[in-house]
Amino acid sequence: MTQELPTQISLESGLTVDVASSIEDFIQNFKVDGKAKYREHIKKMILENRADIEINFEDLMIYNPKLAELTLKNPEYVIKQFSNVLKKFVEYEAPEYAEKVHEIIPRFKNLPIVYKIRDLKSYMLDTLVAVEGIVVRASPPKQKLVEAVFQHECGNEVRVTVTDDVIERPLQCPFCHKSTGTWKLLEEKSLFKDFQRIVIQEKPEEMPAGRMPRSIEADVYDDLVDVARPGDRVIIIGILKVRKSSGAKKAKSLRDMYIEVNNIIVSQRILEEIEITKEDEEKIRELAKDPLIRRKIIASIAPAIHGLWDIKEAIALLLFGGVPKTLPDGTRIRGDIHVLIIGDPGTAKSQLLQYVAKIAPRAVYTTGKGATAAGLTAAVVRDKQTGEYYLEAGALVIADGGIACIDEIDKMREEDRVAIHEAMEQQTVSITKAGIVARLNARTSILAAGNPKYGRYLPNRSIAENVNLPPTILSRFDLIFVLRDVPDTERDLQLARHITYTHMKGEDIKPLIDVDTLRKYIAYARKYVRPVLSEEARHMLEEFFVEMRRKSLEAPDSPIAITARQLEALIRLAEAHAKMALKNVVTEEDAAEAIRLMKSMLESVGIDIESGEVDIDVIMTGKPKSQREKILIIEEIIRELAKEKGCAKIKEIVSKAREKGIEDKLVEEILTKMRREGLIYQASEGCYAPVV
């Protein structure tokens, strides 16, 4: 039995509002440019075969403030009345369509106040609220019973509205008036709706320091199911309610709040959460006119840290980023820049990362020790109460459109590191677990830091030998820097003076551009500036690439100095350099600076220690050309000896390798590597044989 709704309702101010007629008047007579806006919306809704209509709350406040006030304070009642009135309009416009549709739902947007999750209080229960946050979990779509039809043993049917997770049978039959007897649920006559439960969490950049992030569940129905995915930044508009306790013999006094969602607005544009006023824009444009703007930006990054100009410049380029491109066939070329810093202990790596996490418009900071594969990418978790599987977003998905700072990346477990391969190059996270198949966006720049494998960086060993990271990850970084703590009297004196002055007069060390202005400057550049390569810059990058490759042709044994992956990195760096000055064209100056940084990297980490030549394979494969050749020689020696005697003894391998000019110590290292990589196996004690 459905209860009749009153036609009038009183506000706290004592005024009475005739709700239905007020809604009818608003829909009929609210006009924009001489046209009835919502009558047009209704016609469009019918054409698109939908059953909901979006209502701008600002229009309602302008046209009928009393009705707007009532909508906020008593949303359940007003939404029902809105639905009834809209149904009448649809019946008038398209009677056949009205018969197909059970109800027309009004979806509100642009509420006057958008709350943070920690601002929600108990006095706001049963009111209409707008809450912003990040979707961190989403259950698979299900069908929820919202109106159950029960048949009593007397043969009569009763409709019961289901308001919570538990279906309650009627206490008494309204026809035969019996409180006893059996009831049967008629599922074929009951009303089901598409349903999904999502969890909204606070944005990491808005969370108070040292606090746990707060979250709230939201129940989503009908067309809003699957509108938001884990990792999406959203504004949820809905009725704040309390979850009823179910299944317990004694009612619990503590309850959880949740939102019954009326509308979801997904943040489509990256960095739109940073408000840039007209005054801010003028200030940013004025700053960009300064010919020394790039130097000022670089100098403003972590001013408490002495020196490290190239690393600070790389961080500045990472903050601004290149230009992502989507080709006509759907292929996406990333614009985000990845930077890795490998350094001796006490060289301010963590401090740099924490500063970036603070200054970046959108950032997530995590450490390798405290991060798992699921925590970085995404996880499928099981709800303890319902047993349902949820998809939960990880750090790289939450940082979508921003920066992920991963400290101590070398401390991550090997199986966890593999998870970031896809996120670094394809910029997506694919999940296939527990029947959930999903692909989430992870369009994020990665700034990572790690310590050398042996405590300090050994200059007589390659980057792959110094760092506990596989070449598959090393090769995906656009720039890699090595921070070595080498004693130098003059440099040490400058460093000591800087540190003591910082401790003595810390408040006097101010950046040339204050943090708030720099954040807005970066956000503005990332949002509006999309520089294009000029012909001159293109030729310069082409010539550098071809020249570096030509060196590999000069001698038959020369290693490859650079690959197409580094060329793409050069383009990204040049675009970011242009963005720093808010330029729309990448000039020769930008290309030259990108080349300088790339050369600096290749000369420090892309060097084959043995030959002293630039060899990109040191980064790309972990083995320089010279070492690869020696592995092939030793493999051939083992094959020849194994043919004669069934397996090759270590003494004989060492003896034959010595004849080819390979040191005894290096032979042992190569044998260990070959065994680990599955190229050879130990046939008997001290005797090796090839696998194939």
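The values are calculated or read from the model by the stated rules, or taken from the named source; none is laboratory data. If you're wondering where the values come from, they're calculated on a predicted model, not measured in any experiment. Neighbour counts are summed over all protein chains in view; Cβ atoms, including those assigned to glycine, are modelled from backbone coordinates with ideal geometry.
Within the range 674-688, being closer than 14 Å to residue 632 by Cα and surrounded by 13 or more Cβ atoms within 10 Å (Cβ to Cβ) holds for 674, 675, 679, 680.
Could you tell me whether any residue of the range 481-490 is surrounded by 14 or more Cβ atoms within 10 Å (Cβ to Cβ) and without any contact (Cβ under 8 Å) to a residue 60 or more places away in the chain? Scanning the range 481-490, I find no residue that is surrounded by 14 or more Cβ atoms within 10 Å (Cβ to Cβ) and without any contact (Cβ under 8 Å) to a residue 60 or more places away in the chain, so the answer is no. Screening 87, 144, 73, 109 for residues that are more than 38 Å from the chain's Cα centre (by Cα) and not β-branched (Val, Ile, Thr) leaves exactly one candidate, 87. The residue that is farthest from the chain's Cα centre (by Cα), counting only those in the range 511-546 that are more than 21 Å from residue 302 (Cβ to Cβ), assigned to a loop (DSSP other than H, G, I, E, B) and not charged (D, E, K, R), is 534.
So, in the range 582-612, of the ones that are in a loop (DSSP other than H, G, I, E, B) and at pLDDT 75 or above, which residue ends up nearest to residue 548 (Cα to Cα)?
Restricting to residues being in a loop (DSSP other than H, G, I, E, B) and at pLDDT 75 or above, the top hit is 587.
Residue pairs whose Cβ atoms lie under 7 Å apart, sitting 6 or more positions apart in sequence or on different chains, and linking a residue in the range 318-335 that is outside the structural domain of residue 528 (by TED's automatic domain parsing) to a partner that is among the basic types (Lys, Arg), do not occur here. If a residue counts only when it is under 14 Å from the mean Cα position of the chain (by Cα), which helices (runs of 4 or more DSSP H) contained entirely in the range 380-449 have at least 3 such residues? The helices (runs of 4 or more DSSP H) meeting that bar are 395-398, 420-425.
Taking strands (runs of 3 or more DSSP E) that do not extend beyond the range 1-84, which have at least 2 residues that are at pLDDT 85 or above?
52-56
Pairs linking a residue in the range 52-68 that is among the small types (Gly, Ala, Ser) to a residue that is surrounded by 15 or more Cβ atoms within 10 Å (Cβ to Cβ), with Cβ atoms under 6 Å and 6 or more positions apart or on different chains, are 68/60; 68/61. Looking at 89, 30, 108, just one residue is in contact (Cβ under 8 Å) with a residue 40 or more places away in the chain, among the hydrophobic types (A, V, I, L, M, F, W, C) and over 30 Å from residue 233 (Cα atoms), and that residue is 89.
Report, by residue number, each residue of the range 174-199 that is of a type in the set (A, V, I, L, M, F, W, C) and at pLDDT 80 or above. Across the range 174-199, the qualifying residues are 183, 185, 186, 191, 192, 195, 198, 199. Evaluate the following for residue 62: is it within 30 Å of residue 122 (Cα to Cα) and either in the same structural domain as residue 241 (by TED's automatic domain parsing) or buried (at least 18 other Cβ atoms within 10 Å of the Cβ) (or both)? No, not satisfied.
Once the range 560-569 is narrowed to residues that are at pLDDT 85 or above and surrounded by fewer than 21 Cβ atoms within 10 Å (Cβ to Cβ), the residue that is nearest to residue 322 (Cα to Cα) is 568. Only one entry in 377, 367 is among the hydroxyl-bearing types (Ser, Thr, Tyr), assigned by TED's automatic domain parsing to the domain that holds residue 321 and crowded, with 20+ Cβ neighbours inside 10 Å, namely 377.
Residue count for the range 380-420 under the criterion of being farther than 18 Å from residue 136 by Cα, surrounded by 14 or more Cβ atoms within 10 Å (Cβ to Cβ) and modelled with pLDDT of 75 or more: the result is 9.
Scan the range 117-160 for residues that are in a strand (DSSP E or B) and either under 15 Å from residue 240 (Cβ atoms) or at pLDDT below 80 (or both) and the total you get is 6. Residue under question is residue 465, and the condition is that it be under 19 Å from residue 335 (Cα atoms) and charged (D, E, K, R); does it hold? No; evaluated as a whole, the condition is false for this residue.
Here residue 103 passes the criteria (1) outside any helix (DSSP H, G or I); (2) in the same structural domain as residue 196 (by TED's automatic domain parsing) except the one numbered (2). Only one of the listed residues (526, 530, 549) is within 24 Å of residue 325 (Cβ to Cβ) and at pLDDT below 80. That residue is 549.
Just wondering, is there one or more residues in the range 207-223 that are farther than 30 Å from residue 50 by Cβ and assigned to a strand (DSSP E or B)? Scanning the range 207-223, I find at least one residue that is farther than 30 Å from residue 50 by Cβ and assigned to a strand (DSSP E or B), so the answer is yes.
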